[in-house]
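Undergrad: Got a structure here, written out as structure tokens. Questions coming.
Every number here is computed from the coordinates shown, using simple stated rules; none is lab data. Keep in mind the model is a prediction, meaning the values are calculated, not measured. So basically every Cβ, Gly included, is an ideal-geometry build from the backbone, and we count neighbours across all protein chains shown.
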Amino acid sequence: MTRSVRTAILLALTILATGCAIRHNTADDALYQDLGERTGIADMVEDLMYRIVEDERIAFQFKGIDVVQFHTNLTDQICEISGGPCTYTGRPMADVHDGMNVTETQFNALAEQLVLAMEENGISTSAQNRLLKRLVELHPRITHR
Ligand code: HEM
């Protein structure tokens, strides 16, 4: 193989790899971007927390929790599952909600408050639904435990 052929192959591979990387990132963090990155997510989680306190269907479950820890961990979790550059360092979902006996009604109430918090923060309906879809996957680890 001549040097120029080797150079051409190397160049082609580099372009291919760069193209893949760009496409990969764009596709992966699209939801994270649509949620307003970590700052946007942190704002909406803060609003969700105010809403939880006001919602008598679920407020009692959250009595006495460490609010700073909850805010940080839920923000990191949503950041990570939306494709953002965060790592969730909280406890596993099943362990956290173990013994709470979270009902379907309570789960739906929290989801409803999350939607309202997202509305409040100008998150598009499409992004809201994409996030809910990913959060619903956690449902079996949260309810009836
Ligand atoms: C999509 C639904 C939900 C998600 C994604 C979620 C996620 C989380 C996360 C990330 C934490 C923090 C864990 C940690 O600090 O280690 C947490 C804590 C907690 N969650 Fe949930 N949760 C959901 C639904 C619910 C529901 C419906 C309830 C009750 C009505 C609930 C009650 C709690 C409580 C009380 C804590 C604090 C536990 C503690 O600090 O000891 N969660 N949740």
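Undergrad: Would you mind getting me the FRET efficiency between Asp95 and Thr125? Use the beta-carbon distance for r and R0 = 25 Å, nearest 0.05. Walk me through the numbers on the way to the answer.
TA: Working: r = 33 Å, r/R0 = 1.31.
My answer for the efficiency is 0.15.
Undergrad: What is the sum of charges, Lys and Arg at +1 and Asp and Glu at -1, for the other residues whose Cβ falls under 12 Å from the Cβ of Glu119?
TA: Values: positive: Arg51; negative: Asp47, Glu112, Glu120.
Summing Lys/Arg as +1 and Asp/Glu as -1 gives -2.
Undergrad: Can I ask one more? Given H placed on each backbone N at 1.01 Å, which residues far from Val102 in sequence or on other chains put an amide H within less than 5 Å of it?
TA: The list, which skips near neighbours in sequence, is His144, Arg145.
Undergrad: With a cut-off of 14 Å, note down the residues of the range 86-105 whose backbone N falls inside the zone around a label point 7 Å from the Cα of Asp66 toward its beta carbon.
TA: The answer is 89-92, 96, whose backbone nitrogens lie closer than 14 Å to the label point.
Undergrad: At Glu56 and Glu37, where each label point lies 7 Å from the Cα along Cα→Cβ, what is the point-to-point distance in nanometres?
TA: A separation of 4.2 nm, rounded to one decimal place.
Undergrad: Under a point spin-label approximation (7 Å from Cα along Cα-to-Cβ), what is the Glu137-Thr103 distance to one decimal in nm?
TA: 2.9 nm
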